[in-house]
Amino acid sequence: MSTLNDPTEVDAIDTINDLSKGVPSHARDNLERRLLRKLDLRMSILLILQTLNLVGPSNARLQGFEKDLHLHGQQYATTLSILYVGYIVMQVPGNMFLHWLEKPSIIIPSCMIVWGTISVLTGFYTGIVVARFFLGFAEAPFFPGIIFLVSKWYKRDELALRIALVSCGSFLSSAFGSLLASAILHGMQDKLGQAAWRWLFFIEGGMTILVAICAIFILPDFPHNTRWITPEERALAISRLANDGYGKADELGKQTTMQGLQGAVSDWKVWWFAVAAMFQIVGQSFFAYFPTLCATLGYDTTVTLLLCAPPWVFAGIVAFTLTWHSDKKQRRYKYFVVPNAFGALAFIVSIFTMNKAARYISLFLVAQTVTGYLVVLGWINNTFAREPAKRAVAIALMNAMGQIGNVIGSYVWPTNWGPTYRYSYVICIAALGVSTGMFGGMYLYLKHLNEQIERNERDVKDITEIREISFKYLV
């Protein structure tokens, strides 16, 4: 909503010029380190927020969830997939609204308060499909919103690691959520006359609401309107992105939200990323069924949920290592291929054996497949770095299309295919193959564009023209 007519914006740009001329480089480096520490610490609340999303139905399924709600056949899959209807519909409008209002510290926690409330009510309500339908609308703005927020603060070679930092809550929720779910399902049965799986929703929703209220006072907005940074830090935050190819500082606020929408939907690259993401998510559809896959090892509910934790801890370690190295080398596609290759190997092992040790080890490799998608999220931010309004829509559109993959994936794991789930694994291998090929095509195209840019740079004589064309894609 701000423009260059805002006094804060003009002051920030003036300070940028002063920084570049009058501040010693070591002082600027110290200021940058202090700014990043402050941002990383405050952004870590997003990790906690995601960790609280305990994947309730997949854990509750092991303790009477389907029986109590009289779910039969594909009704459990419908319960999972209906969430993504609202999720798909609201992601693009949610990110457009976030770009327009410029208050992520209000919008993101507010979404969480709503979904925490719905989660609590789910414990009381028997119409689980209706509750999940509205839960999708509440959750939709959260994930694309936090990815867009991160992209408004960090440079391109810092982005993948920070996306992993705020996104690995999904790994922790799968790991420690299973541990917490194990304690709740084991110890809360018939407390106050309620089934243990209902307590899972009560506790998850209540914790979510409390942490979301705290997040309102912790999360940043955007560099030009965050209140708790100093003028020097504000100027540095804006100039860092301008120098990194995110556009000139004096062009902030020029592109409207509707222009961003038009630019995103008319760019074939956005749709290519989106369709490839859809196939990738189908290949990762095991995520919602992970406790079910652990249950094929033949242990009781408590042990099964405990066994779910280590693979996701391993996936979190892989995520941080992979994204850190991807940022360091400023490469994306190759770091996306590696987790997919190991994931496909794990699927193949699971197809051909029911040996407990082999299948459990394969679950570690299955879990780390999700880390490749974090690299892709960094990649799409890098690709549309210079157009914030377009980037907001592109992130949401890609993630929304990805959720179509979740709808499809909900039906990839029917119980009559268990306990081997061989057909499910074959579908996942095929989906990962398609996504890897599509992202490979984008890699070759962007690499070709970079080669053209390098040729143009060699041909020009004017240094100002070189600055205009020097932006290169990370591939």
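The values are calculated or read from the model by the stated rules, or taken from the named source; none is laboratory data. Since we're looking at a predicted model, the values are computed, not measured. Backbone-built Cβ (ideal geometry, glycine too); neighbour counts: all protein chains shown. Quick note on the areas: whole protein, heavy atoms, side chains included, nothing else; ligands and nucleic acids left out. Shrake-Rupley method; radii C 1.70, N 1.55, O 1.52, S 1.80 Å.
How many of the residues making up the range 188-223 are β-branched (Val, Ile, Thr) and free of Cβ contacts under 8 Å to residues at least 60 places away in the same chain? Break it down stepwise before answering.
Narrowing the range 188-223 to residues β-branched (Val, Ile, Thr): 203, 208-209, 211, 213, 216, 218.
Restricting the remaining residues to those that are free of Cβ contacts under 8 Å to residues at least 60 places away in the same chain gives 203.
Residues meeting the conditions: 1.
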Cβ-Cβ under 8 Å pairs, at least 6 apart or on other chains, the range 346-366 side on the phi > 0 side of the Ramachandran plot, far side part of a helix (DSSP H, G or I) and buried (at least 18 other Cβ atoms within 10 Å of the Cβ) | none
Given the residues Leu179, Leu165, Leu161, Leu185, which is the only one that is at pLDDT below 80 and open to solvent by 30 Å² or more (accessible area, probe 1.4 Å)?
-> Leu179
Any chance Leu172 is at pLDDT below 75, closer than 30 Å to Val376 by Cα and either open to solvent by 30 Å² or more (accessible area, probe 1.4 Å) or touching a Leu at 6+ places or on another chain (Cβ under 8 Å) (or both) | yes
When residues of the range 268-327 are filtered for being surrounded by fewer than 23 Cβ atoms within 10 Å (Cβ to Cβ) and among the charged types (D, E, K, R), how many remain?
-> 2
Residue by residue through the range 201-239, note down the ones that are within 18 Å of Phe148 (Cβ to Cβ) and acidic (Asp, Glu).
-> Asp221
In the range 407-424, the residues that are more than 22 Å from Val85 (Cα to Cα) and either among the aromatic types (Phe, Trp, Tyr) or open to solvent by less than 20 Å² (accessible area, probe 1.4 Å) (or both) | Trp417, Tyr421, Tyr423, Ser424
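So for the range 331-343 (the condition being over 20 Å from the mean Cα position of the chain (by Cα), assigned to a helix (DSSP H, G or I) and farther than 17 Å from Phe314 by Cα), does at least one residue qualify? Full working, then the answer.
Step one: list which residues in the range 331-343 are over 20 Å from the mean Cα position of the chain (by Cα), which gives 341-342.
Checking the rest, the ones that are also assigned to a helix (DSSP H, G or I) come to 341-342.
Restricting the remaining residues to those that are farther than 17 Å from Phe314 by Cα gives none.
Within the range 331-343, none of the residues are over 20 Å from the mean Cα position of the chain (by Cα), assigned to a helix (DSSP H, G or I) and farther than 17 Å from Phe314 by Cα.
Looking at Ala389, Ala400, Ala394, can you tell me which residue is part of a helix (DSSP H, G or I) and out of contact with any Phe, Trp or Tyr (no Cβ under 8 Å at 6 or more places or on another chain)? Before the answer, list the steps.
Working: Ala400 fails: out of contact with any Phe, Trp or Tyr (no Cβ under 8 Å at 6 or more places or on another chain); Ala394 fails: out of contact with any Phe, Trp or Tyr (no Cβ under 8 Å at 6 or more places or on another chain).
None of the others qualify; the one that does is Ala389.
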Name the residue, out of Ala27, Ala77, that is in a helix (DSSP H, G or I), open to solvent by 20 Å² or more (accessible area, probe 1.4 Å) and modelled with pLDDT of 70 or more.
-> Ala27
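Can you pull out the helices (runs of 4 or more DSSP H) entirely within the range 124-171 that have at least 1 residues that are among the polar types (S, T, N, Q)? Even if it seems obvious, please write down each step before you answer.
Working: elements: 128-139, 142-151, 159-167.
Output list reads 142-151, 159-167.
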Residue among Ile427, Ile453, Ile404, Ile380 that is open to solvent by 50 Å² or more (accessible area, probe 1.4 Å) and either touching a strand residue (DSSP E or B) at 6+ places or on another chain (Cβ under 8 Å) or at pLDDT below 95 (or both) | Ile404
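If you take the residues in the range 225-263 that are part of a helix (DSSP H, G or I) and open to solvent by 70 Å² or more (accessible area, probe 1.4 Å), which one is modelled with the lowest pLDDT?
Just the residues of the range 225-263 that are part of a helix (DSSP H, G or I), to begin with: 231-243, 249-251, 257-263.
Still in the list and also open to solvent by 70 Å² or more (accessible area, probe 1.4 Å): 231-232, 243, 250-251, 258-259, 262.
On the way: Pro231: 90, Glu232: 90, Asn243: 80, Asp250: 36, Glu251: 45, Met258: 88, Gln259: 88, Gln262: 89.
Applying the filter and picking the extreme gives Asp250.
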For Leu62: the one exception among (1) surrounded by 15 or more Cβ atoms within 10 Å (Cβ to Cβ); (2) modelled with pLDDT of 90 or more; (3) of a type in the set (A, V, I, L, M) = (2)
If you scan the range 80-117, which residues turn out to be under 27 Å from Pro414 (Cβ atoms) and either part of a helix (DSSP H, G or I) or open to solvent by less than 10 Å² (accessible area, probe 1.4 Å) (or both)?
-> Leu80, Ser81, Leu83, Tyr84, Val85, Gly86, Tyr87, Ile88, Val89
Would you pick out the residues in the range 178-215 that are among the aliphatic types (A, V, I, L, M), touching a helix residue (DSSP H, G or I) at 6+ places or on another chain (Cβ under 7 Å) and either closer than 17 Å to Thr122 by Cα or part of a loop (DSSP other than H, G, I, E, B) (or both)?
-> Ala181, Ile184, Leu185, Met188, Ala195, Ala196, Leu200, Ile203, Ile209
Within the bounds of the range 362-371, is there any residue that is buried (at least 24 other Cβ atoms within 10 Å of the Cβ), within 20 Å of the chain's Cα centre (by Cα) and within 28 Å of Leu98 (Cα to Cα)?
-> yes
Mind telling me which of the residues Leu322, Leu397 ends up being under 18 Å from the mean Cα position of the chain (by Cα), under 19 Å from Leu165 (Cα atoms) and of a type outside the set (Asp, Glu)?
-> Leu322
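May I ask you to verify whether Tyr333 is on the phi > 0 side of the Ramachandran plot and touching a helix residue (DSSP H, G or I) at 6+ places or on another chain (Cβ under 8 Å)?
In short, no.
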